[in-house]
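J.: Following this message is one structure expressed as structure tokens.
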Amino acid sequence: MDKTKRLFFIALLPPQEIQDSITEIKQYFAEHFGSRAALKSPPHITLQPPFKWVTAEIGKVEESLEKFTIAHQPIPITLSGFAAFPPRVIYANPLKTPALLEIEKDLSEYLETNLGIADPFAKSRPFTPHITVAFRDLTKENFKAAWPEFKTRSLNFEFTTFQLTLLIHDRDRWNIKSEWPFSPIK
């Protein structure tokens with residue numbers, strides 16, 4: 001059996017039109033501030049940071065995520081402006097609503113209990129939902145140049161995310177591997 005491990009992560013993705021708007025902002029960072037790394041994944045809110053898993057056994061994770069989503073309802077999300085993790089990360093700011101905080105907590109506990117997937121770094125700090133528009137390759141100088149422009153820039157979107165998404169790294173970028181719908185709102 002093939003024991004090749006790949007990187008995966010689990011996220012909430014906004015609807016396509018909002019993804020397109022955020023991708024335009026990522027493109028702006030690439031063109032004006034030399035930060036292209038955020039373009040290597042679709043706009044998303046990470047719920048489970050990257051983890052390694054044997055590719056041939058990913059069905060076990062997928063089955064587990066399907067069971068998880070059946071027990072959860074769609075998540076309303078409000079994006080409001082921009083925030084940062086100085087000195088390298090700028091992101092579209094999802095409001096920390098009880099529903100968003102709860103889905104992350106429930107998923108983290110579920111993955112650790114059922115699959116042994118846990119991120120020690122994530123466990124050591126509070127969950128801060130974010131949709132990254134610039135990071136890693138954003139220099140400290142370019143952060144200082146970009147942040148004054150973005151800290152007061154308006155961004156307002158309200159949407160509901162109806163599914164959970166598993167992404168896989170192809171050694172160059174992140175791609176959608178699978179998606180599961182949440183249970184319909186009762």
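The values are calculated or read from the model by the stated rules, or taken from the named source; none is laboratory data. Since the model is a prediction, treat every value here as computed from it, not as a measurement. All Cβ positions, glycine included, derive from the backbone under ideal geometry; neighbour counts span all protein chains shown. Side chains included, ligands, DNA and RNA excluded: accessible areas come from the protein's heavy atoms. Shrake-Rupley method; radii C 1.70, N 1.55, O 1.52, S 1.80 Å.
J.: Select from region 125-185 those trypsin sites (Lys or Arg not before Pro) which occupy a DSSP coil region and have at most 13 other Cβ atoms within 10 Å, ordered by residue number.
T.: 136, 151, 153, 171, 173
J.: Give the dimensionless ratio obtained when the Cα radius of gyration of the chain is divided by 2.2 N^0.38 Å.
T.: That works out to 1.04 for the chain.
J.: Let me ask something additional. Using a Cα-Cα cut-off of under 18 Å, which aspartates and glutamates could be cross-linked to residue 96, ignoring same-chain neighbours fewer than 8 residues away?
T.: 104, 106, 158
J.: Taking 0.36 nm per residue of separation and subtracting the Cα-Cα distance, what length does fully extending residue 101 through residue 40 add?
T.: Residue separation times 0.36 nm, minus the Cα-Cα distance, leaves 19.4 nm.
J.: If I take R0 = 30 Å and measure r between the Cβ atoms of residue 109 and residue 5 in this structure, what FRET efficiency does the formula 1/(1 + (r/R0)^6) give, to the nearest 0.05?
T.: 0.80
J.: Along each of its three principal axes, how wide is the spread of alpha-carbon positions in region 130-186, in whole angstrom units, largest first?
T.: 46, 34, 9
J.: Further, regarding this structure: Please give the per residue accessible area of the chain, computed with a probe of 1.4 Å over protein heavy atoms only, in Å².
T.: Solvent-accessible surface per residue comes out at 53 Å².
J.: Taking 0.36 nm per intervening residue step and subtracting the Cα-Cα distance, what contour gain separates residue 57 from residue 23 on full extension?
T.: Working it through step by step, the gained length comes to 9.1 nm.
J.: So how far apart, in nm, are the two label points at residue 128 and residue 73 if each is 7 Å from Cα heading toward Cβ?
T.: 3.0
J.: Could you give the distance between the Cα centres of region 14-44 and region 112-186, to the whole Å?
T.: Result: 12 Å between the Cα centres.
J.: Scan around residue 47 for amide H atoms under 5 Å from its own, H built in the peptide plane at 1.01 Å from N, and keep only partners 5 or more places away or cross-chain.
T.: For residue 47, whose amide H was placed from the backbone, the distant partners under 5 Å are 10, 11, 12.
J.: Which net charge results for the neighbourhood of residue 48, defined as the other residues with beta-carbon distances under 14 angstrom from its beta-carbon, given Lys and Arg at +1 and Asp and Glu at -1?
T.: Taking every other residue near residue 48 into account, the sum is -2.
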